[in-house]
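Asker: A single structure is presented below for examination.
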Ligand SMILES: [Zn+2]
């Protein structure tokens with residue numbers, strides 16, 4: 001189920017729209033001030049999905065190599081590796097940067113507004 005998020009220019013608030021089908025038309029507006037002047041932002045769902053993909057590739061047996069689940073030190077090593085992979089960029093700035101990148105923004109491909 002896709003979730004679309006829109007950012008309101010007027011009051012700087014976000015509104016989320018949950019769609020039942022991906023091809024369902026959405027008429028975005030600000031749920032706070034009812035302004036139609038909203039901009040599409042990357043949904044959290046999309047972000048999470050790409051993290052999951054990276055997580056999968058990190059957990060790929062081929063990349064784990066010598067991990068022994070029964071060996072605490074081995075697991076600790078993996079955790080540290082994951083911390084390096086995810087730690088820095090998921091801080092405060094992460095989502096803002098994504099939004100900035102998208103704000104220059106072309107219309108989204110799937111929303112026919
Ligand atoms: Zn608003």
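Each value in this text was obtained by applying a stated rule to the coordinates, not by laboratory testing. Bear in mind that the values here come from a model prediction, so they are computed numbers and not experimental data. Backbone-built Cβ (ideal geometry, glycine too); neighbour counts: all protein chains shown.
Asker: Can you tell me the relative contact order of the range 1-41? Whole percent, Cα pairs under 8 Å, sequence separation 6 or more.
Answerer: 45 percent
Asker: Is the C-alpha gyration tensor of the range 1-41 telling us rounded, prolate or oblate? Criteria: a/c under 1.5 is rounded; beyond that, a/b larger than b/c is prolate, otherwise oblate.
Answerer: In terms of gyration-tensor shape, prolate.
Asker: Rank these for me by crowding, 18, 78, going from fewest to most other beta carbons within 10 Å.
Answerer: By the 10 Å Cβ count, ascending: 18, 78.
Asker: Once label points are set 7 Å from the Cα along Cα→Cβ at both residue 10 and residue 24, what is their separation, rounded to one decimal in nm?
Answerer: With each label point 7 Å from Cα toward Cβ, the separation is 2.4 nm.
Asker: Given a Förster radius of 30 Å and the C-beta distance between residue 3 and residue 73 as r, what FRET efficiency does 1/(1 + (r/R0)^6) yield to the nearest 0.05?
Answerer: According to the calculation, E is roughly 0.15.
Asker: Now, a different point. Go ahead and run the numbers for FRET between residue 37 and residue 81, Cβ-Cβ distance against an R0 of 41 Å, rounding to 0.05.
Answerer: 0.40
Asker: Counting other beta carbons within 10 Å of each Cβ, put 6, 29 in order, fewest first.
Answerer: By the 10 Å Cβ count, ascending, the order reads 29, 6.
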